[in-house]
1. Restricting to the stretch 257-284, and then to whatever is over 29 Å from the mean Cα position of the chain (by Cα) and assigned to a loop (DSSP other than H, G, I, E, B), can you tell me which residue is surrounded by the most Cβ atoms within 10 Å (Cβ to Cβ)?
2. Which residues, counting only those in the stretch 299-347, are aromatic (Phe, Trp, Tyr) and more than 23 Å from GLN282 (Cβ to Cβ)?
3. Among the charged types (D, E, K, R), open to solvent by 10 Å² or more (accessible area, probe 1.4 Å) and modelled with pLDDT of 95 or more, is that true of ARG174?
4. Give the number of residues within the stretch 342-368 that are among the charged types (D, E, K, R) and either within 26 Å of LEU182 (Cβ to Cβ) or open to solvent by less than 40 Å² (accessible area, probe 1.4 Å) (or both).
5. Would you please name the residue that is modelled with the lowest pLDDT, looking only at residues in the stretch 230-256 that are among the β-branched types (Val, Ile, Thr) and not in a strand (DSSP E or B)?
6. Would you mind finding the one in ALA399, ALA387 that is closer than 29 Å to TRP286 by Cα and either open to solvent by 20 Å² or more (accessible area, probe 1.4 Å) or of a type in the set (Phe, Trp, Tyr) (or both)?
7. Do we have any residue at all in the stretch 117-137 that's farther than 30 Å from GLN58 by Cα, more than 15 Å from the chain's Cα centre (by Cα), in contact (Cβ under 8 Å) with a residue 60 or more places away in the chain and open to solvent by 30 Å² or more (accessible area, probe 1.4 Å)?
Amino acid sequence: MNSRKFQTSLLMILMAGLTAWVHVRRQPPAIRPVTLARPRVRTHRFRLPYNAGAAGLQQALRALDTRASALFIVAHPDDEDGGLLTWLSRHLGARVDLLTLNRGEGGQNVMSRDYWDRLGLVRTQELLAADRYYGVHRQYWSRVIDFGFSKTKAGSLQQWGRNRVLGDVVRVVRLTHPMIILSSFVGGPSDGHGNHQVSGEMAQLAFKDAGDPKMFPNQIRAGLKPWTPLKMYARVPFARIVHGRMFDYATRHWRPARFRNYITGRWIQGKPSATLSIPEGQYDPWLGESYVQLARTGWGLQKTQNGGGFIVLPGPVSSRYHRYASRVPAPAHESSFFQGINVTLPGIADLAARGQAPFLRPALVRISHLVATAMRQYRPGRPEAIAPLLADGLRQTKALIAQTRASGLASLPKYNVLYELRIKRAQFNDALL
């Protein structure tokens, strides 16, 4: 075939194909069953081995066996005590939420040229990735932004507005129902950055105000209920005290070594004492490393700030916390944040007044017994053996939710009881999966 004939034939084929394509495009789409294809995102990158298999089920059982809960409050991504968060969630099974006031938009970036809003987006994703290692249940932010290095608390509040940031923190407390509130900072010059100081003060003020319906009543009108946490702690400052004074590295001035308790209004002279010390370096055989080692892997993902951090070697590591307030009797030195608090499943009945819901505690005791039996009978080689126990627990929890919803329990206790029962329903489902 000569060149001219070949070109003519090729042109005719192309025109025929184009005509057929136009005809098909004009036809109405065929109705066919929809098949949900496997997502193309490489989810294996985000599925941690600690959350799957034998270790994942063991941690799911730990979470089912307690109603302990905590809210940790900081200023920026990477301010959190990751070792503590990991110890709480993966060792105790506590439900841990994290509130980070801003997204670190005004910070440094040692990895790329992203700054301001773009940096805030990057640091948001870095923190969410770190949360997966910590075992954080929910991550929250407030509406304030990081406008750059702030030397004083007054400077930050001038930009943000006291009521605005406090309202956001109170809102998260009312959303998450924590038994305890924790903070990396104390609300004073030892915190350095003005944003840090604000987060420390707001953590204490929210402990005091979240249970008062007269505080931020617009939230109550919108459907939230008051919530009263039972204890509040902040990390013991690292500040070095010399002759009764400490150095404020933000302002480059020496200041009197005293710390304000914003809940009681009193001053603590000298460094706050350690109410308890958390063994973050404790080894967990289910995880294959210590809690602080696992946390540091997550914290190291926040590379814009630290370039990846450093590896923690095996060995004792502890973190000391001072208690600023407690609404339950508590000794000067404690063995646990939850000492004096009923964190058992039957303790959910304590949210209702005595005699108001007589069906509640016996049902919770039965559910608790199922969880205890599942934990006792769990063998990593035969996880399916405890599935009937978990399924029975899920059925009983759903039935108790329906019974509570239909009961004559007063509005506020009913809201609080249902809140915790729904968490247990989700946890039973997670364990079954």
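The values are calculated or read from the model by the stated rules, or taken from the named source; none is laboratory data. Worth saying up front: this structure is predicted, and the values here are computed from it rather than measured. Quick reminder, even Gly has a Cβ in these numbers, built from the backbone with ideal geometry, and neighbours come from all protein chains shown. Ligands, DNA and RNA are stripped out before the accessible areas are found, and what is left, the full protein with its side chains, is counted by its heavy atoms. Shrake-Rupley method; radii C 1.70, N 1.55, O 1.52, S 1.80 Å.
1. Filtering first and then ranking leaves ALA257.
2. From the stretch 299-347, those aromatic (Phe, Trp, Tyr) are 299, 310, 321, 324, 337-338; that's our starting set.
Correct list: TYR324 only.
3. In short, no.
4. Final tally of qualifying residues: 1.
5. Our first condition is that a residue be among the β-branched types (Val, Ile, Thr); within the stretch 230-256, this holds for 236, 241-242, 251.
Filter once more, keeping what is not in a strand (DSSP E or B): 236, 251.
Working: VAL236: 96, THR251: 85.
Step by step, filter the stretch 230-256, then rank; the result is THR251.
6. The conditions single out ALA387.
7. Just the residues of the stretch 117-137 that are farther than 30 Å from GLN58 by Cα, to begin with: 117-123.
Still in the running and more than 15 Å from the chain's Cα centre (by Cα): 117-123.
Remaining after also requiring in contact (Cβ under 8 Å) with a residue 60 or more places away in the chain: 119, 122-123.
From what is left, the residues that are open to solvent by 30 Å² or more (accessible area, probe 1.4 Å) are 122.
Yes, some residue in the stretch 117-137 is farther than 30 Å from GLN58 by Cα, more than 15 Å from the chain's Cα centre (by Cα), in contact (Cβ under 8 Å) with a residue 60 or more places away in the chain and open to solvent by 30 Å² or more (accessible area, probe 1.4 Å).
The rows are residues; the columns are (1) β-branched (Val, Ile, Thr); (2) open to solvent by 50 Å² or more (accessible area, probe 1.4 Å).
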| residue | (1), (2) |
| --- | --- |
| THR100 | yes, no |
| ARG103 | no, yes |
| GLN108 | no, yes |
| GLN159 | no, yes |
| SER190 | no, no |
